[in-house]
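**Q** Pasting a structure below so you can have a look.
Coordinate-derived values only; no laboratory data. Not measured: the values here are computed from a predicted model.
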Ligand SMILES: Nc1nc2c(c(=O)[nH]1)N[C@H]1C(S)=C(S)[C@@H](COP(=O)(O)O)O[C@H]1N2
Ligand SMILES: [Mo]
């Protein structure tokens, strides 16, 4: 949070400024919810159905953590890399605290999450934004967040409360969250079972991925010694990043400090010399489970940028 005194051992903030965070909304204009009127309903297979207002939610224990926030990209083009990604600090109430109040039945297997936005998408009319997660995963990981980088959520990012599902693609982090349903079935819905499905499974866990950020794709740089820098992320710890300049063999990049929260991204750098002229630079991350970014043709393929040294 911005009020915390700086810790001299902490490296400079790796957070993405809120102004630079992408905004994705499927169903038209973001709903303008009033904090005083907001209510979260918790229903379905629960012992104690709930209607929580903001004050009651905020009375529950909270946590602050940093996590990668990555858009899966268009659900109609699942192999096109977009690398719309940010590293954000979230504050909110672990979903487990709310579920402990509602006490799901033993038959509950899935958690449906619904936002207050509604509209049309891809020929379907009058939709709400609905996602679902396995109940045990939602219980363990999801946070009901009210702050991004220490400031209240902006309207377009889900004010007053959104779900944050760390290690999962952003599509699961339902904004303007107003309803949770514990169920023994998955919801049949455009955004759950018809779109955001790949290889027959719902789009959840993020892939191993990396992005070269400095220089940025298309930049002109001074020829000579150049420091290349980027970020890598996955569902598990980043084990290494390699960089290749103009089809030369892969060279290991230097990883930045291990992030305080394992859900955050990891910086990497490599110092190299660039001769005058155009150059193609590629980065390839490997995670602790051995997943490696694939060649072009996949959403998380090796990241490739073109720069010109003058
Ligand atoms: N209610 C609601 N939640 C939503 C969406 C939406 O359209 N409606 N878009 C999802 C998608 S695809 C992404 S990538 C993230 C984007 O969050 P952001 O706009 O705060 O970056 O929100 C997710 N949550
Ligand atoms: Mo997205």
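**Q** Have a look at 125, 211, 175 and tell me which one the Gaussian network model of the chain (Cα, springs below 10 Å) gives the largest fluctuation.
**A** For the chain, modelled as a Gaussian network with Cα springs under 10 Å, the answer is 125.
**Q** Springs between alpha-carbon pairs under 10 angstrom, Gaussian network model over the chain: which of 108, 150, 119 fluctuates most?
**A** Per the Cα network of the chain with a 10 Å cutoff, 119 tops the list.
**Q** Alpha carbon centre of region 267-295 versus region 144-219: separation in Å?
**A** 27 Å
**Q** Oh, and also: Taking 0.36 nm per residue of sequence separation and subtracting the Cα-Cα distance, how much length would be gained by fully extending the chain between residue 246 and residue 217, in nm to one decimal?
**A** 9.0 nm
**Q** If you wrap a convex hull around the Cα atoms of the chain, how much volume per residue is inside, in Å³?
**A** Convex hull volume per residue, Cα atoms: 148 Å³.
**Q** To continue, here is another question. Could you work out the relative contact order of region 2-202, using alpha carbon pairs under 8 angstrom and six or more residues apart, expressed as a whole percent? Show your work: numbers first, answer last.
**A** Numbers: 408 pairs, mean separation 52.9, N = 201.
Result for region 2-202 is 26 percent.
**Q** Suppose the chain between residue 280 and residue 51 were pulled fully straight at 0.36 nm per residue; how much longer would it get relative to their current alpha carbon spacing?
**A** On the way: separation 229, 0.36 × 229 = 82.44 nm, distance 5.48 nm.
Fully extending the segment from residue 280 to residue 51 adds 77.0 nm.
**Q** Here is a further query. Over region 209-309, what is the relative contact order in whole percent, taking alpha-carbon pairs under 8 Å and six or more residues apart?
**A** 37 percent
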